[in-house]
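**Student:** Take this structure first; my questions come after.
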Amino acid sequence: MWRPERLGVVAALVAAGVALIGLFDLAFISLQAWRDSGVPGWYREQLGLDYEGLSGLPENWVYNTGDEDNPIRRLVSTFLSPLASAYALVVALIFVLSRPFRWWWGLLALLLYAGLLYTHTRAAVVALAVGLVVLALAQRRLAPTVLAVASVAAAAAFFVAYPSIGPSTTYTLAELEWLRENAESEPGASTDPFSSEESSLASHWRNLRDGIEAVVDHPQGYGLGNAGVVAKRTGVEIKAGESTYVELGTDAGLAGVVAFVLWSLAVLLGLLRREPWVAAAFAAVLLLGLQTDVIGVHWIAVTVWALAGMALGRTRAAEGAS
């Protein structure tokens, strides 16, 4: 019978592969090779996602430093975006750091954390820290809290230095033209990774605010398919995007998102008493849901919720047997 611990080992090993492939890609495969591949057509023709800013590749494959001559690559692995790669690494790191210390767990944690840093996903670093604090509370250990603080400090230093040490690439002339036009529509954007005016952070906050307003203005919801990527693929007007919670509120109404939140909190409380590392990973994913449609990241929807169900189901089966 598969147990959460065994699936955690599998998740950690798969995430190690994601990190290795992503780091290899940054070191040895140029962005132009991806432009010339069938990947842009795959996103456009198979997924219905027509990206404009990076020759058909997702724009978030590159970190825009504000310097046209110095865009920086972000870790992309096995067709996972930087965000989805980062979330896989967060879940794996929480599992690894929940284990009793062994040198092989330490090496694996360093690899996973290096991959996480190169995704340049600030929300994932925050989610990792929150997950480790939850792990510390559930396991009644101080070490995860210390690691959470150290992780945030190391990531902050890395993000500040990233424009200088990250793998640099170049834009094409067509991409530069698109970026300049896009910049004119967002004047005053900052390149400081910790500024609320930084373009990515400002975009996430704006989308979250607009989504909340959409749910409040139309609490009964608009029906399925009116939010996020689903709406984009089908040519429907996007009522809300990015956040799991506002997308659920847009599709299923205020009652739907409240039911999801209450159910998620009940699952989390049950996990805290039964499987600390799964509870910590689940808490991290729920936090990430503020920024991203985590349910739409298929491996999260399959793996993390399956882990939660296995942990709760196994305990109930054990209680019934006793």
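**Student:** Would you mind telling me which numbered condition in (1) closer than 19 Å to Leu83 by Cβ; (2) touching a Lys or Arg at 6+ places or on another chain (Cβ under 7 Å); (3) in a helix (DSSP H, G or I); (4) not hydroxyl-bearing (Ser, Thr, Tyr) Ala214 fails?
**Tutor:** Condition (1) is where Ala214 drops out.
**Student:** Scan the stretch 69-78 for residues that are at pLDDT 95 or above and part of a loop (DSSP other than H, G, I, E, B) and jot them down.
**Tutor:** Arg74, Leu75
**Student:** I'd like the residue in the stretch 58-68 that is in a loop (DSSP other than H, G, I, E, B) and among the polar types (S, T, N, Q) and, out of all such residues, is farthest from Asp25 (Cα to Cα). Write out each step before concluding.
**Tutor:** So in the stretch 58-68, the residues in a loop (DSSP other than H, G, I, E, B) come out as 58, 64-68.
Next cut, among the polar types (S, T, N, Q) only: 64-65.
Details: Asn64: 19, Thr65: 20 Å.
Checking each candidate, the answer is Thr65.
**Student:** Taking into account only those residues within the stretch 1-15 that are buried (at least 20 other Cβ atoms within 10 Å of the Cβ) and farther than 12 Å from Thr78 by Cα, which is modelled with the lowest pLDDT?
**Tutor:** Among them, the one singled out is Pro4.
Yes/no per residue for (1) at pLDDT 90 or above; (2) surrounded by fewer than 17 Cβ atoms within 10 Å (Cβ to Cβ); (3) touching a Cys at 6+ places or on another chain (Cβ under 6 Å); (4) among the aliphatic types (A, V, I, L, M):
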site: Val230; (1), (2), (3), (4): no, no, no, yes
site: Lys239; (1), (2), (3), (4): no, no, no, no
site: Thr244; (1), (2), (3), (4): yes, no, no, no
site: Ala252; (1), (2), (3), (4): yes, no, no, yes
site: Val257; (1), (2), (3), (4): yes, no, no, yes
site: Asp293; (1), (2), (3), (4): no, no, no, no
site: Trp305; (1), (2), (3), (4): yes, yes, no, no
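**Student:** Mind checking which residues of the stretch 131-142 are touching a residue at least 12 places away in the same chain (Cβ under 8 Å) and either at positive phi or surrounded by fewer than 24 Cβ atoms within 10 Å (Cβ to Cβ) (or both)? If you could, list the steps in order and put the result at the bottom.
**Tutor:** First pass over the stretch 131-142, keeping only residues touching a residue at least 12 places away in the same chain (Cβ under 8 Å): 131-139.
Within the stretch 131-142, Val133, Ala136, Leu137, Ala138, Gln139 meet the criteria.
**Student:** Output the number of the condition that Ala84 fails; it satisfies all remaining conditions of (1) modelled with pLDDT under 95; (2) farther than 30 Å from Tyr51 by Cβ.
**Tutor:** (2)
**Student:** Okay, moving on. Could you tell me whether any residue of the stretch 272-285 is at pLDDT below 95, assigned to a loop (DSSP other than H, G, I, E, B) and touching a Pro at 6+ places or on another chain (Cβ under 6 Å)?
**Tutor:** So far as the stretch 272-285 goes, yes, one or more of its residues are at pLDDT below 95, assigned to a loop (DSSP other than H, G, I, E, B) and touching a Pro at 6+ places or on another chain (Cβ under 6 Å).
**Student:** Helices (runs of 4 or more DSSP H) wholly in the stretch 88-188 with at least 1 residues that are over 22 Å from Glu68 (Cα atoms) - which ones? Walk me through it before giving the result.
**Tutor:** Details: elements: 103-119, 122-139, 143-165, 173-184.
Filter on the stretch 88-188 gives 103-119, 122-139, 143-165.
**Student:** When the residues of the stretch 100-130 are filtered to those that are more than 21 Å from Phe159 (Cα to Cα) and either out of contact with any helix residue (DSSP H, G or I) (no Cβ under 9 Å at 6 or more places or on another chain) or free of Cβ contacts under 8 Å to residues at least 24 places away in the same chain (or both), which remaining residue is surrounded by the most Cβ atoms within 10 Å (Cβ to Cβ)?
**Tutor:** If we filter the stretch 100-130 for residues that are more than 21 Å from Phe159 (Cα to Cα), which is where we start, we get 100-108.
Next, from what is left, pick out any that are either out of contact with any helix residue (DSSP H, G or I) (no Cβ under 9 Å at 6 or more places or on another chain) or free of Cβ contacts under 8 Å to residues at least 24 places away in the same chain (or both): 100-107.
Numbers: Pro100: 5, Phe101: 9, Arg102: 10, Trp103: 7, Trp104: 9, Trp105: 16, Gly106: 13, Leu107: 12.
In this case the residue turns out to be Trp105.
**Student:** With the requirement that a residue be of a type outside the set (Gly, Ala, Ser), at pLDDT 90 or above, over 19 Å from the mean Cα position of the chain (by Cα) and farther than 25 Å from Val236 by Cα, what does the stretch 27-68 give you?
**Tutor:** Phe28, Ile29, Leu31, Gln32, Trp34, Arg35, Asp36
**Student:** Right, here's the next one. Restricting to the stretch 40-59, name every residue that is under 21 Å from Leu176 (Cβ atoms), touching a residue at least 40 places away in the same chain (Cβ under 8 Å) and either of a type in the set (A, V, I, L, M) or crowded, with 17+ Cβ neighbours inside 10 Å (or both).
**Tutor:** Of everything in the stretch 40-59, those that are under 21 Å from Leu176 (Cβ atoms), touching a residue at least 40 places away in the same chain (Cβ under 8 Å) and either of a type in the set (A, V, I, L, M) or crowded, with 17+ Cβ neighbours inside 10 Å (or both) turn out to be Gly53, Leu54, Ser55.
**Student:** Consider Gly221 against the criteria (1) farther than 18 Å from Gln291 by Cβ; (2) surrounded by fewer than 16 Cβ atoms within 10 Å (Cβ to Cβ): it satisfies all of them except one. Which criterion is unmet?
**Tutor:** Unmet condition: (2).
**Student:** Something else about it: Among the residues of the stretch 224-239, is any assigned to a loop (DSSP other than H, G, I, E, B) and touching a Leu at 6+ places or on another chain (Cβ under 8 Å)?
**Tutor:** Narrowing the stretch 224-239 to residues assigned to a loop (DSSP other than H, G, I, E, B): 224-226, 235-239.
Then drop every residue that is not touching a Leu at 6+ places or on another chain (Cβ under 8 Å), which leaves none.
The answer is no; no qualifying residue exists.
The values are calculated or read from the model by the stated rules, or taken from the named source; none is laboratory data. Because the structure is a prediction, the values reported are computed rather than measured. Neighbour counts run over all protein chains shown; Cβ positions are idealised from the backbone, glycine included.
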